[in-house]
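Before any comments, here is the structure.
The values are calculated or read from the model by the stated rules, or taken from the named source; none is laboratory data. Worth saying up front: this structure is predicted, and the values here are computed from it rather than measured. Here Cβ is always computed from backbone atoms with ideal geometry, including for glycine, and neighbour counts include all displayed protein chains.
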Amino acid sequence: MGSQFTSIDVESDWPRVSGESRLPYFVGQDDSAAVSAAIGQLRLGYVGLGSVGLSTCLHGARLRPRAIYTIDPGRWKAESVLTHPIYSGRVGEPKATAAGRLCKWISPTTEVFALDGPIDRLAAEELTDLDYLLLATDNLQAELTTSELSRQLGIPLIQASVDGATLVAQIRTLANSVESGPCLGCGFNRAEWDYLNSGAKFSCEGYYEGEQHAATAMVTRSTSSLCSIAADLSNMQLLRRAGGLGKSVDDTVLEYCGFTHKTVVSPLPRREDCVCVDHRPWRRRSVAGRLSHRSPGELVEAALGFSDDLATIRVRGDWFTERAACSTCGPRPVRRFVNWRQDPPACDNCGRPLAREPFFAHRPVLLEALGQCAERPLVEACDLPVRSVVVQGRGETVLLVQEAEAQQGTAT
Ligand SMILES: [Zn+2]
Ligand SMILES: [Zn+2]
């Protein structure tokens with residue numbers, strides 16, 4: 001998947017066990033093997049690994065899924081031990097990696113990857129492998145960004161949150177399958193919108209500007225038990241949806257109140273005046289062979305069914321950089337897709353790092369602005385492997401992914 005993730009591996013001397021050995025025969029299921037097989041294939045992404053998220057993802061690991069991705073910019077504080085399921089470790093440990101290590105220890109057969117950074121550092125193209133996103137953060141911007149990514153990718157999102165003072169846990173399950181469905185922004189109240197707007201960091205494409213990740217995360221004031229209930233209920237929704245158990249949980253909010261012990265499930269409505277204007281999931285198309293061996297022109301045609309110079313293309317969220325500035329030599333031609341955060345280019349003349357010139361770096365980039373690069377294989381204009389490409393034509397956005405077979409051997 002995305003090269004921003006670190007693969008997690010830990011030594012575990014715990015005896016190996018089968019993931020199915022404690023899975024019950026669920027009521028109403030003729031074929032329990034099908035449920036455990038479905039769960040065993042899941043690739044789960046966890047955004048926010050704090051009081052609620054860490055519990056959620058440890059439950060996830062015990063389901064023995066195929067892959068787990070953990071994403072969190074935070075680190076353990078001394079107080080974390082009061083609400084997080086931490087049993088050993090040290091203050092300052094990055095939450096995503098720490099969670100990933102625990103998951104890998106619990107489920108050595110699961111592939112585990114961690115990103116110790118904010119979700120808005122990722123473009124949707126880097127999360128195309130996921131089957132679910134599970135979100136548990138107090139950061140409104142991160143919530144919107146995650147909602148946006150999950151909707152673009154057309155994958156379900158399960159969000160867990162708590163309100164400590166009222167002893168309420170809420171679980172929102174978004175199917176993200178149709179344009180008429182709700183997003184998380186649809187449920188924000190006026191105060192939340194005002195708060196986001198005052199932070200001046202809101203944009204439906206906020207993840208593009210990830211460098212300036214706002215320090216808007218609040219401290220969770222809650223009890224460990226309420227956080228754990230939220231995590232448990234979140235996992236229940238995952239189990240039900242992935243295992244096909246009971247009635248559909250799509251586009252609902254499940255609320256538990258500790259003062260009354262009542263649980264209420266209500267539909268989540270789509271708000272017509274939602275600030276996230278575009279609610280359309282991207283159309284997903286798979287392409288045979290390596291994407292990086294195709295030219296941008298061919299990819300636009302594969303996506304839209306016809307060639308269109310006015311279509312735009314986005315590769316891994318990188319900037320197509322026509323030229324960049326060297327402090328010594330002046331402007332230098334680049335003509336490549338560049339990830340400025342990870343992989344800034346060096347001057348071809350003196351080797352010093354180049355600086356981005358906003359006017360000469362485009363993301364997404366018009367096919368016609370690519371010039372000769374439009375007809376050359378992508379691999380000539382990209383250093384990192386390309387797993388997916390986003391093409392936007394008039395009226396629709398298409399996510400091109402490599403067919404599964406071609407993805408083998410390009411693990412990044
Ligand atoms: Zn919305
Ligand atoms: Zn130079």
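Mind listing whichever residues of the range 1-16 are of a type outside the set (D, E, K, R) and more than 26 Å from Asp129 (Cα to Cα)?
We begin by selecting, within the range 1-16, every residue of a type outside the set (D, E, K, R); these are 1-8, 10, 12, 14-15.
Matches in the range 1-16: Ser12, Trp14, Pro15.
Is there a residue being part of a helix (DSSP H, G or I), touching a residue at least 40 places away in the same chain (Cβ under 8 Å) and more than 14 Å from Val47 (Cα to Cα) anywhere in the range 130-151? Please lay out each step first, then the result.
Narrowing the range 130-151 to residues part of a helix (DSSP H, G or I): 140-151.
Among the residues that remain, those that are also touching a residue at least 40 places away in the same chain (Cβ under 8 Å) are: 140-149, 151.
With more than 14 Å from Val47 (Cα to Cα) added as a condition, the list becomes 151.
Yes, because at least one residue in the range 130-151 is part of a helix (DSSP H, G or I), touching a residue at least 40 places away in the same chain (Cβ under 8 Å) and more than 14 Å from Val47 (Cα to Cα).
Among Pro281, Pro344, Pro333, which is in a loop (DSSP other than H, G, I, E, B) and within 16 Å of ligand 2 (Cβ to nearest atom)?
Numbers: Pro281 fails: within 16 Å of ligand 2 (Cβ to nearest atom); Pro333 fails: in a loop (DSSP other than H, G, I, E, B).
Just one listed residue meets the conditions, Pro344.
Please verify whether the range 334-341 includes one or more residues that are β-branched (Val, Ile, Thr) and closer than 30 Å to Ile155 by Cβ. If you could, list the steps in order and put the result at the bottom.
The initial filter retains those residues of the range 334-341 that are β-branched (Val, Ile, Thr), namely 334, 338.
If we keep only those that are closer than 30 Å to Ile155 by Cβ as well, we get 338.
Yes, the range 334-341 contains a residue that is β-branched (Val, Ile, Thr) and closer than 30 Å to Ile155 by Cβ.
Please find, within the range 351-386, the residue that is farthest from the chain's Cα centre (by Cα) out of those that are surrounded by fewer than 16 Cβ atoms within 10 Å (Cβ to Cβ) and closer than 22 Å to Leu122 by Cβ.
Pro358
Every residue in the range 8-30 that is of a type outside the set (A, V, I, L, M) and either in contact with a Cys (Cβ under 7 Å, 6 or more places away or on another chain) or not in a loop (DSSP other than H, G, I, E, B) (or both), please.
Within the range 8-30, the first condition is being of a type outside the set (A, V, I, L, M), and the residues that meet it are 9, 11-16, 18-22, 24-26, 28-30.
Selection gives Gly19, Glu20, Ser21, Arg22.
Results for (1) in contact (Cβ under 8 Å) with a residue 60 or more places away in the chain; (2) among the polar types (S, T, N, Q); (3) closer than 26 Å to Gln4 by Cβ; (4) away from ligand 2 (no atom under 16 Å from the Cβ), shown as yes or no for each residue.
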site	(1), (2), (3), (4)
Gly297	yes, no, no, yes
Leu310	yes, no, no, yes
Arg314	yes, no, yes, yes
Asp318	yes, no, yes, yes
Phe337	no, no, yes, yes
Ala361	no, no, yes, yes
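Report, by residue number, each residue of the range 240-254 that is buried (at least 18 other Cβ atoms within 10 Å of the Cβ) and either over 15 Å from Leu184 (Cα atoms) or in contact with a helix residue (DSSP H, G or I) (Cβ under 7 Å, 6 or more places away or on another chain) (or both).
Arg241, Ala242, Gly243, Val249, Leu254
Would you check if there is a residue in the range 263-276 being under 30 Å from Lys77 (Cα atoms), at pLDDT 95 or above and either within 22 Å of the chain's Cα centre (by Cα) or surrounded by fewer than 19 Cβ atoms within 10 Å (Cβ to Cβ) (or both)?
Residues of the range 263-276 that are under 30 Å from Lys77 (Cα atoms), as a first pass: none.
No, because not a single residue in the range 263-276 is under 30 Å from Lys77 (Cα atoms), at pLDDT 95 or above and either within 22 Å of the chain's Cα centre (by Cα) or surrounded by fewer than 19 Cβ atoms within 10 Å (Cβ to Cβ) (or both).
Determine whether Lys95 is charged (D, E, K, R) and surrounded by 19 or more Cβ atoms within 10 Å (Cβ to Cβ). Step through it out loud before you land on a result.
Numbers: charged (D, E, K, R): yes; surrounded by 19 or more Cβ atoms within 10 Å (Cβ to Cβ): yes.
Spelling it out, Lys95 is indeed charged (D, E, K, R) and surrounded by 19 or more Cβ atoms within 10 Å (Cβ to Cβ).
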